[in-house]
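Report on the structure given below.
The values are calculated or read from the model by the stated rules, or taken from the named source; none is laboratory data. The structure displayed is predicted, hence computed values, not measured ones. Backbone-built Cβ (ideal geometry, glycine too); neighbour counts: all protein chains shown.
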Amino acid sequence: MSLEYGILGFLSHKDLTGYELKKAFDISCVFIWSANQGQIYRTLEAMLKKDWISITETSPGLRHEKKTYRITDAGRAVLKEWLTDGLSESPMRNEALLKLFHMAKADPEQALRNIDRLIAEKKQITAVFDKMTISRAAEYREVLGLAEDSPDYRINLFLSKWGYMREQAFLSFLEQYRDELLRIGKEKKIIVCGLKNKTS
């Protein structure tokens, strides 16, 4: 389970609470691997049983005990083995793209509205992406105790560019897809949001 290795990677820098781990995911690699609080805590419990991590401190919290987690020697060995293993991508599963694949069966006007909504969302994401990366950089370094010139921080920051490039590429694709949908509508004399073949 890749979430386990993501947690081990963060804990390899310093001891962290479950809340701090969630924060680390949210401000650094959410565009690569997202995880909610429940998933993180369930995974931490499983990792404790495997002796990959240990609890170094327990203190009262607002609702539950606040536990601080530390990577063990066994956890470091597992992390090292995972990092030295070959790189491979997970199988592609994207519900939005699957819907776009079968969009010819949908109501044309509703399809266009859905695409326009997604385009607007992607434009908003790309517009704030750089600002978000810069504004959260200092917060991320503080959470993990990283120096600005540390290799870990520089690699993490560089990888965030992939998130921006992915969003830009998806936005470009959606705009081209929208144009193709309108062309098909005109060719087939289908009214799409008031647009139709001029010869009809």
Query raised in the report: For the range 54-104, how many residues meet the condition of being under 24 Å from the mean Cα position of the chain (by Cα), assigned to a strand (DSSP E or B) and β-branched (Val, Ile, Thr)?
Result: 1
Query raised in the report: Within the range 83-104, can one find any residue that is on the phi < 0 side of the Ramachandran plot, surrounded by 12 or more Cβ atoms within 10 Å (Cβ to Cβ), hydroxyl-bearing (Ser, Thr, Tyr) and not assigned by TED's automatic domain parsing to the domain that holds Trp162?
Result: no
Report task. Search the range 30-49 for residues that are at negative phi and pair each with any residue that is among the β-branched types (Val, Ile, Thr) and outside any loop (DSSP other than H, G, I, E, B) when their beta-carbon atoms are under 8 Å apart and the residues are at least 6 apart or on different chains. Result -> Ala35/Thr43; Ile40/Ile7; Thr43/Ile7; Leu44/Ile7; Leu44/Ile53; Met47/Ile7; Met47/Ile53; Leu48/Ile55
